[in-house]
Amino acid sequence: MKIAVSGKGGTGKTTLSASLARTFAENGYDVYAIDADPDANLAAVLGIYEPVRPLIDLEELIEERVGGSAGMFTLNPDVDDVLDEYSTSHDGIRFLRMGSVKAASSACYCPENSFLRSVLNSLVFTRNEVVIMDMGAGIEHLTRGTAAGVDVMLIMVEPTRISMQTAEVIEGLAREAGVGEIRVVANKIRSDREREIVAGELGDKLIASVDFDDTLLERALDAGDEESPGLAAADDIFRELVSR
Ligand SMILES: Nc1ncnc2c1ncn2[C@@H]1O[C@H](COP(=O)(O)OP(=O)(O)OP(=O)(O)O)[C@@H](O)[C@H]1O
Ligand SMILES: [Mg+2]
């Protein structure tokens, strides 16, 4: 199963991605957790504290696979081996950090983008493992080709107007790219009234609504280096996803 997680900044994408990765791993699945958000912190939330080099910094490898020095490069380099070679394993989860493209436009057809997109494509189409991608709010690495291999996109929202508007924009982009199923997770719910509003607003799109969790807030205030606790609803979301 291939799962992409997106949503507005701070809604809980990384927390959910890490919780789902752990839940799948605990249930015996082989898991790839992918940090595709340029503003990356999935590693820390998974409890990986040694620095993980982002793929985008592997300049020699990119040059070797994609080319580019003469202004010519291949759009579909073979990168299947990169997934094993450059991932970090932790608690039964393989972790890869994509890193961010430094070019002005992330839509550019530069060698680095070509490389990252090929890595995502390879993950989605050549792997039997469960793949969970923390995408950040921007989903531009999800090209039309790759998006077709994503089984479900989970969009995180907080119970605010602006966060739901962002979710709609992301949903539109994801549909256009060809993601089949798009579900919404409402996070940080503080009252029954909020729960009712998001339920009314989102209808069948809603896969789970997750209460505001004070222990997560405390962990965020505390600079300790223990893993964050999981999102309480990860189990429910896991069961819903595997039951389909
Ligand atoms: N249900 C919740 N209750 C309370 N706090 C939460 C909850 N879910 C996430 N948080 C906290 O909200 C903050 C943002 O969460 P997280 O980093 O997962 O969001 P994000 O969408 O990945 O953010 P970014 O856009 O910066 O990558 C974190 O401090 C996290 O612990
Ligand atoms: Mg994040």
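Please treat every number below as a calculation from the coordinates, not as lab data. Everything quoted here is computed from the prediction, not taken from an experiment. Cβ placement follows ideal geometry from the backbone for every residue including glycine, while neighbour counts extend to all protein chains displayed.
Below, the figures for the structure above:
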read-out	value
Kirkwood Rh, Cα atoms: Rg over Rh of segment 1-52	0.95
Sum of side-chain charges, I182 neighbourhood, beta-carbon under 10 Å (Lys, Arg +1; Asp, Glu -1)	+1
Overall Cα dimensions of the chain, principal axis frame, Å, largest first	60, 38, 34
Charge context of R195, other residues only, Cβ under 14 angstrom, K/R +1, D/E -1	-3
For E181, distant residues with modelled amide H under 5 Å away	M153
Alpha-carbon Rg with Dmax, taken over segment 37-86, Å	13.7, 41
